[in-house]
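A.B. asks: To start, I am sharing the structure in question, which I have written as structure tokens.
The values are calculated or read from the model by the stated rules, or taken from the named source; none is laboratory data. Everything numeric in this text was worked out from a predicted model, so none of it was measured. Cβ placement follows ideal geometry from the backbone for every residue including glycine, while neighbour counts extend to all protein chains displayed.
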Amino acid sequence: MARNLINKYIWIIDTIQRYGRITRDELNRLWVKSSLSDGSPIARRTFYNYRQGIQDMFNVSVECDPATFEYYIDASGSEQDYRLRNWLLDAASMSGMLSDSRDVAERIVLEDVPSARGNLPVVIQAMKESCRVCFSYQAYNRINTKRNIIVEPYFVRIFKQLWYVVGFNVKDGMIKTYSLDRMSDVTIRNEHFSVPSGFSAADYFKDCFGIMQSKGEPKNVVLKATSNQAKYFRALPLHRSQREEIHDSYSLFYYKLLITYDFIQEILSHGAQVEVVSPPELKAIVVNELRAALANYG
């Protein structure tokens, strides 16, 4: 029943977004033709309850224009609010679709992704209560587990299907990033904190590709990509600063970002499809990495 209700919420949101503005009569005409309907229109009181449920679950406000009696989605709010709403809607929609597809489950192939289900709710609760968290951490590049790490969680972020928490490490006196799937024994401490005034989660990684930071200055980067690879970069830009210059058999992509390990690994992952044009220091790093990799086969 709950899943069916969520599907109804998503149908209403998707339909209103698709039409931009729509009257309740027009919405009901489409509703009775949908697979979610029993052939009857949505009652006025029920539609009001659905609007409240949509607001509570997805933070999406379905408003009515009193002059035209048309319903529309209130698009006010920050870019981060917009992205979060879309992410929640996509996740809920995908979950409902997969749950209804058990009869073809053997034909749906998913990636094996480390789970953050256990730790994510605890960290988010700590963020809501502005409380520190304590946990043990097994870093990928360490043999021993580090225990009793105390962090003030500023925000969480997902990157390449892994969840991370970014916060102030109390002992080290600096902001650090932790992968939630490497954390264990996560507890909320009865110690409150405040996020520094002016700190912006959206701006923290604005000059970065991925989850790693750098103390350097953002660099003007130019990548040369084959025509085929350029299509992927257009569909999934590497960074918000991306600009493209199209040529006959290739494209040049321009960025302004920090040169980090994440970004270098991303370039290397595309092999001969992508070439570093500038800056020279990035080109040298990539060449050295390629030579070291080739030496393993010498």
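A.B. asks: Can you name every residue in the range 202-252 that is touching a residue at least 60 places away in the same chain (Cβ under 8 Å) and either surrounded by 14 or more Cβ atoms within 10 Å (Cβ to Cβ) or farther than 29 Å from Y178 by Cα (or both)?
C.D. replies: Going through the range 202-252, the residues touching a residue at least 60 places away in the same chain (Cβ under 8 Å) turn out to be 202, 219, 221.
Answer for the range 202-252, where residues must be touching a residue at least 60 places away in the same chain (Cβ under 8 Å) and either surrounded by 14 or more Cβ atoms within 10 Å (Cβ to Cβ) or farther than 29 Å from Y178 by Cα (or both): K219, V221.
A.B. asks: Given the conditions (1) farther than 14 Å from R117 by Cα; (2) surrounded by fewer than 18 Cβ atoms within 10 Å (Cβ to Cβ), report the number of the one that F155 does not fulfil.
C.D. replies: (2)
A.B. asks: Could you tell me which residue of the range 158-170 is farthest from H239 (Cα to Cα), considering only residues that are modelled with pLDDT of 95 or more and surrounded by fewer than 17 Cβ atoms within 10 Å (Cβ to Cβ)?
C.D. replies: Checked the range 158-170; the qualifying residue farthest from H239 (Cα to Cα) is V170.
A.B. asks: Moving to a separate point now. Name, by its number, the condition in (1) part of a loop (DSSP other than H, G, I, E, B); (2) without any contact (Cβ under 8 Å) to a residue 12 or more places away in the chain; (3) closer than 30 Å to D81 by Cβ; (4) hydroxyl-bearing (S, T, Y) that does not hold for Y297.
C.D. replies: Exception for Y297: condition (3).
A.B. asks: Here's another thing I want to ask about it. In a helix (DSSP H, G or I), surrounded by 13 or more Cβ atoms within 10 Å (Cβ to Cβ), out of contact with any Cys (no Cβ under 9 Å at 6 or more places or on another chain) and of a type in the set (D, E): is that true of E289 in this structure?
C.D. replies: Yes: the conditions hold for E289.
A.B. asks: Applying the selection to the range 155-211, what residues are hydroxyl-bearing (S, T, Y) and either in contact with a strand residue (DSSP E or B) (Cβ under 6 Å, 6 or more places away or on another chain) or closer than 20 Å to F135 by Cα (or both)? Quick ask: steps written out before the conclusion?
C.D. replies: Step one: list which residues in the range 155-211 are hydroxyl-bearing (S, T, Y), which gives 164, 177-179, 184, 187, 194, 197, 200, 204.
Hits for the range 155-211 are Y164, T177, Y178, S179, S184, T187, S194.
A.B. asks: Given the criterion outside any helix (DSSP H, G or I) and either surrounded by fewer than 15 Cβ atoms within 10 Å (Cβ to Cβ) or at pLDDT below 85 (or both), identify the matching residue among T46, T68. Walk me through how you get there before you give the answer.
C.D. replies: Details: T46 fails: outside any helix (DSSP H, G or I).
Within the list T46, T68, the selection yields T68.
A.B. asks: Then there's this: Would you list the strands (runs of 3 or more DSSP E) that sit entirely within the range 210-263 and hold 2 or more residues that are among the aromatic types (F, W, Y) and touching a helix residue (DSSP H, G or I) at 6+ places or on another chain (Cβ under 7 Å)?
C.D. replies: On the way: elements: 219-226, 243-246, 250-257.
Those strands (runs of 3 or more DSSP E) span 250-257.
A.B. asks: Looking at the range 114-200, what strands (runs of 3 or more DSSP E) fall wholly within it and have at least 2 residues that are within 23 Å of W87 (Cβ to Cβ)? It would help to see each step written out before you state the result.
C.D. replies: Working: elements: 131-137, 146-159, 162-169, 174-179, 183-192.
So the answer is 146-159, 162-169, 174-179, 183-192.
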